Amino acid sequence: MKKLLALFLSLALIVMACPTACAVEAKEEEAWIYLEEIHAVDLQSYLPNARFNLLFASDQNITGRALYEARPILEEKTAKKLLAAAEKFAEDGYGIVIYDAYRPMSAQWELWEIVRDAKYIADPNDWGSWHQRGRAVDISLYDLETGEELEMPTPMHTFDAKASRFGDCRKQWTEAAKENSDYMTRVMLSCGFETISTEWWHFQYTGRSYSLPTDLDLSLVVR
């Protein structure tokens, strides 16, 4: 009798636990974000010769900590334009260094709390940035033969006037930095990107296309 009672209790516990376990498993499956479904591309498998130094996914940024998972993704049409640019750079012996691509709105808020200047960090109270749509990228270039990164006007993500494409600060750029920045800009413009005046590294595509959700959890993104 005792053995039967024990067996009955064990079965009852299994039946009671199953809905909870099944619900947790279903919730985890529903949480995954598939690139194809959101019209996005993982640049690590998409761009030949590209290097990745995602500063906001590391502690090497003004917050001192990683703001998101190191997953460089872009909206698919924007990615195609970047691929076209990468092919042109490669013809001239250069590769792209990706410093930032899609940036979640939560990261934008943290950066805004520190910088508080919309010339460098778009105000998340007012739509945010094209980075939150997966349609902006921060880049530099490196020499495919030597592996050395090209000289540019300032270190990446220098959020002050020294990074501006125009104005008196440009006069302080070295000739090599001017030539390299201008060359990179010409190629990116020829592939359909636009620039902003305050950051030599920033390029965005604002034409008709999809936009990614503005605050993706990149740790949940899968192919």
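Quick one: which of 190, 211 is exposed (fewer than 14 other Cβ atoms within 10 Å of the Cβ) and modelled with pLDDT of 95 or more?
On the way: 211 fails: exposed (fewer than 14 other Cβ atoms within 10 Å of the Cβ).
Residue meeting the stated conditions: 190.
Take segment 168-223 and flag every residue that is of a type in the set (S, T, N, Q), part of a loop (DSSP other than H, G, I, E, B) and over 17 Å from residue 43 (Cα atoms).
Filtering segment 168-223 for residues of a type in the set (S, T, N, Q) gives 172, 174, 180-181, 185, 190, 195, 197-198, 204, 206, 209, 211, 214, 219.
Next, from what is left, pick out any that are part of a loop (DSSP other than H, G, I, E, B): 174, 197-198, 206, 209, 211, 214.
Within segment 168-223, 174, 197, 198, 206, 209, 214 qualify.
Among the criteria (1) within 20 Å of residue 90 (Cβ to Cβ); (2) in contact with a helix residue (DSSP H, G or I) (Cβ under 7 Å, 6 or more places away or on another chain), the one residue 169 does not fulfil is (1).
Could you check segment 178-223 and list, in sequence order, the residues that are of a type in the set (Asp, Glu) and touching a residue at least 40 places away in the same chain (Cβ under 8 Å)?
Kept after step one, since they are of a type in the set (Asp, Glu), are these residues of segment 178-223: 179, 182, 194, 199, 215, 217.
Within segment 178-223, 199, 215, 217 qualify.
Can you confirm whether residue 127 is among the hydrophobic types (A, V, I, L, M, F, W, C), surrounded by fewer than 21 Cβ atoms within 10 Å (Cβ to Cβ) and in contact with a helix residue (DSSP H, G or I) (Cβ under 7 Å, 6 or more places away or on another chain)?
Details: among the hydrophobic types (A, V, I, L, M, F, W, C): yes; surrounded by fewer than 21 Cβ atoms within 10 Å (Cβ to Cβ): yes; in contact with a helix residue (DSSP H, G or I) (Cβ under 7 Å, 6 or more places away or on another chain): no.
Answer is no for this residue.
Screening residue 102 with (1) surrounded by fewer than 20 Cβ atoms within 10 Å (Cβ to Cβ); (2) touching a His at 6+ places or on another chain (Cβ under 7 Å) gives one miss only, at (1).
Within segment 100-121, being at pLDDT 95 or above and either of a type in the set (Gly, Ala, Ser) or under 19 Å from residue 186 (Cα atoms) (or both) holds for 101, 106, 107.
Pull up segment 58-99, narrow it to residues that are in contact (Cβ under 8 Å) with a residue 12 or more places away in the chain, among the basic types (Lys, Arg) and over 17 Å from residue 206 (Cβ atoms), then point me to the one that is surrounded by the fewest Cβ atoms within 10 Å (Cβ to Cβ). Looking at the filtered set, the residue picked out is 88.
Picking from residues in segment 173-187 that are among the hydrophobic types (A, V, I, L, M, F, W, C) and within 26 Å of the chain's Cα centre (by Cα), the one that is farthest from residue 139 (Cα to Cα) is 177.
If you take the residues in segment 68-125 that are assigned to a helix (DSSP H, G or I) and aromatic (Phe, Trp, Tyr), which one is farthest from residue 209 (Cα to Cα)?
Filtering segment 68-125 down to residues assigned to a helix (DSSP H, G or I) leaves 76-91, 105-115, 124-125.
In the following step, the residues that additionally are aromatic (Phe, Trp, Tyr) were identified as 89, 109, 112.
Numbers: 89: 24, 109: 25, 112: 27 Å.
Here the answer is 112.
Test of understanding: among 136, 107, 163, which residue is in the same structural domain as residue 81 (by TED's automatic domain parsing), surrounded by 17 or more Cβ atoms within 10 Å (Cβ to Cβ) and more than 19 Å from residue 73 (Cα to Cα)? Steps first, answer last, please.
On the way: 136 fails: more than 19 Å from residue 73 (Cα to Cα); 107 fails: more than 19 Å from residue 73 (Cα to Cα).
Just a single option satisfies the conditions, and that option is 163.
Can you confirm whether segment 129-140 contains a residue that is in contact (Cβ under 8 Å) with a residue 40 or more places away in the chain, charged (D, E, K, R) and out of contact with any strand residue (DSSP E or B) (no Cβ under 6 Å at 6 or more places or on another chain)? Yes, there is a match, as at least one residue in segment 129-140 is in contact (Cβ under 8 Å) with a residue 40 or more places away in the chain, charged (D, E, K, R) and out of contact with any strand residue (DSSP E or B) (no Cβ under 6 Å at 6 or more places or on another chain).
The values are calculated or read from the model by the stated rules, or taken from the named source; none is laboratory data. Source: prediction; values computed, not measured. FYI the Cβ positions are ideal-geometry reconstructions off the backbone, even for glycines, and counts take in every protein chain you see.
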